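Encoded as structure tokens, the structure appears first; notes follow it.
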Amino acid sequence: MERMRVGAIEAGGTKFICAAGTGPDDLIVSGPIATRSPHETLADVVAWLREHSVERIGIGCFGPVDLQRGAITRMTPKLDWRGVKIREQIEQALGAACVVDTDVNAAALGEHRWGAAQGVDDFVYITVGTGIGGGVMVGGRLVHGLFHTELGHLRVRRVATDRFRGVCPLHGDCLEGLASGTAIAKGSRFAADYLALGLMNITCALSPRLIVMGGGVMKTPGLLMSVREKLRHELKGYVPAPRLVRPKLGDRAGVLGALALAIG
């Protein structure tokens with residue numbers, strides 16, 4: 001029986017990526033679609049997906065996201081996108097059912113199905129880029145709960161000599177405010193320390209077997225090794241340190257995760 005071709009949308013704050021296919025070995029991927037106004041961006045997304053005749057679509061979206069409504073909340077820093085009902089707009093334009101989750105949950109799902117977390121049902125996916133986010137899987141199921149996880153906004157203990165105020169407009173010196181690419185570009189010097197402290201909180205709270213570390217910042221030579229060593233130091237042997245690895249799917253984790261959302 002021929003497998004159903006599904007569509008995927010990786011909806012990012014700076015660009016959207018679309019795809020159509022059935023998996024990593026059968027995948028057509030669009031070029032980057034710059035994130036502009038919702039009208040302009042979604043028109044390009046719809047036009048691309050319409051050309052590829054997909055029957056169902058998964059959307060991994062920047063957030064925060066109201067997962068029940070399939071809408072971007074009014075807390076997003078992307079002002080033009082506040083309140084946009086992305087699921088409804090795509091469904092109405094293409095006549096295909098859509099499934100929406102956060103971009104990091106989608107990436108976690110992709111790594112679980114085809115990547116570094118295959119066979120591991122209790123793990124965390126962290127992306128460290130312009131911002132920081134995390135997707136959590138427990139018992140083979142993505143964690144949603146009251147809203148969805150926002151691991152980038154964990155508070156971390158300040159390095160005693162650090163006077164950097166943090167860049168998060170809401171919390172200042174949360175993990176994203178101190179260790180994201182934006183923070184590093186504006187002068188944060190202790191990113192590895194703060195990432196290790198954030199992972200310590202995650203390890204103690206969730207007891208993951210594996211943490212997959214993605215995003216552009218984690219491509220920095222030596223950073224993953226430094227975070228791994230600092231995490232072991234912070235845990236002090238009280239609990240085992242989870243394995244820290246890079247995404248096996250690389251930059252395709254998000255779009256493949258969106259495809260996995262659609263496949264179900």
Open item on the list: Can you sort Val104, Val217 from fewest to most other Cβ atoms within 10 Å of each residue's own Cβ?
Closed with: Val217, Val104
Task: Linear extension gain, Arg165 paired with Arg209, 0.36 nm per residue minus alpha-carbon span - done: 12.6 nm
Task: With at most 14 neighbouring Cβ atoms within 10 Å, loop chymotrypsin sites (Phe, Trp or Tyr not before Pro) (DSSP) excluded, longest segment of the chain - done: 1-146
Task: For region 108-257, the fraction of alpha-carbon pairs in successive 10 Å shells from zero, as % - done: 12, 43, 37, 8, 0
TODO: Would you kindly calculate the translational diffusion coefficient of the chain, applying Stokes-Einstein with the Kirkwood radius from alpha carbon pairs, for 10 °C and a viscosity of 1.306 mPa s, and quote it in µm² s⁻¹ without decimals?
DONE: 85 µm²/s
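Arrange Met225, Met137 by Cβ neighbour counts within 10 Å, fewest through most, would you?
Numbers: Met225 11, Met137 23.
Exposure proxy ranking, most exposed first: Met225, Met137.
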Task: Proximal lysines to Lys85, defined as alpha-carbon separation beneath 28 angstrom and excluding residues fewer than eight positions away on the same chain - done: Lys15
TODO: Could you compute the FRET efficiency for Arg50 and Lys248, with r as their C-beta to C-beta distance and R0 at 35 Å, rounded to 0.05?
DONE: 0.65
TODO: Note down the relative contact order for the chain as a percent, whole number, built from C-alpha pairs under 8 angstrom at least six residues apart.
DONE: 22 percent
Open item on the list: If I model a spin label as a point 7 Å beyond the Cα along the Cα-Cβ vector, how far apart are those points for Ser37 and Gln118 in nm?
Closed with: 4.5 nm
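FYI, it's all coordinate maths here, none of it is from the lab. Values in this document were obtained by computation on a predicted structure and should not be read as measured data. For neighbour counting, all protein chains shown are included, and Cβ atoms are generated from backbone atoms with ideal geometry for every residue, glycine included.
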